[in-house]
Amino acid sequence: MKTAIFFGSTTGTTEMIAQKVGELLGAEVYSANEIDKVEEYDFVIFATSTWGMGDLQDDWYDALEKLKTKNLSGKKVGLIGIGDQEGFGDTFVDGIGTIYEEIKDMGITLVGKTSTEGYNFGSSKAVVDEEFVGLVIDENNQSDLTDERIKNWVEKVK
Ligand SMILES: Cc1cc2nc3c(=O)[nH]c(=O)nc-3n(C[C@H](O)[C@H](O)[C@H](O)COP(=O)(O)O)c2cc1C
């Protein structure tokens, strides 16, 4: 399956995670600025960190507007959210919640929802029906769990 990851990253953390996932999945890895390529792929993964108070990473504002004009019908979609549950426990990884909200009715099949077990936060837009809408990574507080979380998620979505 032709797979691509599109990431938005301000200080490099999301990019690093996207590269790791890309390597394990054999996926192309692009900046969100290259979102125009999205229609070339069957399985697309959108990765964003969260900034401000629950805001998307900067590159995703334009990318999401463009994404909404694309034909995603029939595609499998995965989401990867990077955030800080201790520093921003009420807006934890909200960014992927925002992306999900915008694309969920575009005929996609969401893959790779995950349990919130093992995280400690107050609230998150990324939680839908008591599960995260994608893979959630917290390099600020739980970097020791990152490799295991990536591995489990990749196995699940493969
Ligand atoms: C000013 C600032 C605001 C942030 N706001 C949030 C937030 O609302 N929710 C969250 O989960 N993480 C938040 N974070 C944490 C970042 O998402 C985290 O540091 C992430 O690893 C950055 O990834 P990047 O380098 O790929 O952009 C914030 C960090 C900073 C410095």
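The values are calculated or read from the model by the stated rules, or taken from the named source; none is laboratory data. Predicted model only: the values in this text are computed from it and were never measured. Quick reminder, even Gly has a Cβ in these numbers, built from the backbone with ideal geometry, and neighbours come from all protein chains shown.
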Name the pairs whose Cβ atoms lie under 6 Å apart, with the first residue in segment 120-141 and within 16 Å of GLY89 (Cβ to Cβ) and of a type in the set (Phe, Trp, Tyr), the second assigned to a strand (DSSP E or B) and at pLDDT 95 or above, and 6 or more positions between them or separate chains? PHE132/THR114
So which of GLY87, GLY83, GLY95 is more than 15 Å from the chain's Cα centre (by Cα), on the phi < 0 side of the Ramachandran plot and in contact (Cβ under 8 Å) with a residue 40 or more places away in the chain? GLY87
Selection over segment 62-99 where residues are surrounded by 15 or more Cβ atoms within 10 Å (Cβ to Cβ) and farther than 15 Å from GLU40 by Cβ yields a count of 21
Name the single residue that is nearest to GLY8 (Cα to Cα) among those in segment 43-61 being among the hydrophobic types (A, V, I, L, M, F, W, C) and surrounded by fewer than 20 Cβ atoms within 10 Å (Cβ to Cβ). TRP51
Considering segment 1-45 alone, what residues qualify as being touching a strand residue (DSSP E or B) at 6+ places or on another chain (Cβ under 6 Å), more than 16 Å from the ligand (Cβ to nearest atom) and outside any helix (DSSP H, G or I)? MET1, THR3, ALA4, ALA27, GLU28, TYR41, PHE43, VAL44
Considering PHE121, PHE132, which residue is of a type outside the set (Val, Ile, Thr), farther than 24 Å from GLU23 by Cα and within 14 Å of the ligand (Cβ to nearest atom)? PHE121
Six or more apart or on different chains, Cβ atoms under 9 Å: show the pairs whose first residue is in segment 11-33 and of a type in the set (A, V, I, L, M) and whose second is modelled with pLDDT under 95 and more than 13 Å from the ligand (Cβ to nearest atom). LEU24/LYS158; LEU25/LYS158
Which condition breaks for GLY78 when tested against (1) more than 13 Å from the chain's Cα centre (by Cα); (2) more than 16 Å from the ligand (Cβ to nearest atom)? (1)
In segment 93-116, is there at least one residue being assigned to a loop (DSSP other than H, G, I, E, B), within 8 Å of the ligand (Cβ to nearest atom) and at pLDDT 95 or above? yes
Give the number of residues within segment 117-138 that are surrounded by 22 or more Cβ atoms within 10 Å (Cβ to Cβ) and in a strand (DSSP E or B). 4
If SER73 satisfies every condition in (1) more than 24 Å from GLY118 (Cα to Cα); (2) within 16 Å of the ligand (Cβ to nearest atom); (3) of a type in the set (S, T, N, Q) but one, which is the exception? (2)
